[in-house]
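Worksheet for the structure shown next.
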Amino acid sequence: INSLADETQRATLCANLYPIARQDLLRRHTWNCCITRVILAPLSAAPTYGYSHQFTKPSDWLRTLDVGENGNLDYRFERGRFLADTDTLYLRYVADVSEGNWDSHMIDVMVRRMVADLAYPITKSTSLAAESRSQYDDAMRVAKNVDGQENPPEELGDSPFIDVRGG
């Protein structure tokens, strides 16, 4: 195919599968190239009860990573809104980033995902579909490992469990 807009069976199949695969890939891992930070202002209307303020999620929000300046704010996420007892909400999240900003490993994973999703519908070969799925799984593992190694390791703070063990 030359375009997802082509009027062929394969283009239609690709056009139907791509948005679903894309959203799944973006939500499946905390890709460094997709992480965004914002500070949200509260809406004028407070929640009915339980929290003092509510905040609308950003339009490109896909998955919450941290809420609060240190990631430790008590909050709830309901119907596309964050509820919290604060007048400014610090939010770190996975954003719906365009493909032009994706990491090269992430692009490779997406290509392999589409191959895996299209292998059986196009070829009717279960062995090719299984092989394609295995290659996708391998590419995903590599991409997650590389992406995860770009940041320093998280340090675990003091824990009562460690103190009890005499640590």
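Worth pointing out:
- Of all residue pairs spaced 6 or more apart or on separate chains, none has beta-carbon atoms under 9 Å together with a first member in the stretch 106-119 that is at positive phi and a second member that is assigned to a helix (DSSP H, G or I).
- Checking PRO152 against (1) within 30 Å of GLN9 (Cα to Cα); (2) at pLDDT below 95, the condition it does not meet: (1)
- Selected residue [closer than 30 Å to TYR120 by Cβ, in contact (Cβ under 8 Å) with a residue 12 or more places away in the chain and open to solvent by less than 60 Å² (accessible area, probe 1.4 Å)] from ARG22, ARG28, ARG10: ARG22
Residue-wise test of (1) aromatic (Phe, Trp, Tyr); (2) under 23 Å from GLN23 (Cα atoms); (3) at pLDDT below 95; (4) touching a Phe, Trp or Tyr at 6+ places or on another chain (Cβ under 6 Å).
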site	(1), (2), (3), (4)
THR64	no, yes, no, yes
THR86	no, no, no, no
ARG113	no, yes, no, yes
GLN135	no, yes, no, no
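- Number of residues in the stretch 93-131 that are more than 22 Å from the chain's Cα centre (by Cα) and either closer than 20 Å to LEU62 by Cα or of a type in the set (D, E, K, R) (or both) equals 2.
- Among the candidates SER127, SER134, the residue that is loosely packed, with under 11 Cβ neighbours inside 10 Å and in a helix (DSSP H, G or I) is uniquely SER127.
- Contacts under 7 angstrom Cβ, first residue in the stretch 69-92 being open to solvent by 70 Å² or more (accessible area, probe 1.4 Å), partner of a type in the set (Val, Ile, Thr) and at pLDDT below 95, 6 or more apart: none
- Failed item in (1) in contact (Cβ under 8 Å) with a residue 60 or more places away in the chain; (2) buried (at least 16 other Cβ atoms within 10 Å of the Cβ); (3) more than 17 Å from CYS34 (Cα to Cα); (4) of a type outside the set (A, V, I, L, M, F, W, C), with ASP103 passing the rest: (3)
- ASP108 vs. criteria part of a strand (DSSP E or B), open to solvent by 40 Å² or more (accessible area, probe 1.4 Å) and within 25 Å of GLY148 (Cβ to Cβ): no
The values are calculated or read from the model by the stated rules, or taken from the named source; none is laboratory data. Small disclaimer: the values here were computed from a predicted structure and weren't measured. Every residue, glycine among them, receives a Cβ derived from its backbone with ideal geometry; neighbour counts consider all protein chains shown. Please note that ligands, DNA and RNA were not included when accessible areas were found on the heavy atoms of the full protein model with its side chains. Shrake-Rupley method; radii C 1.70, N 1.55, O 1.52, S 1.80 Å.
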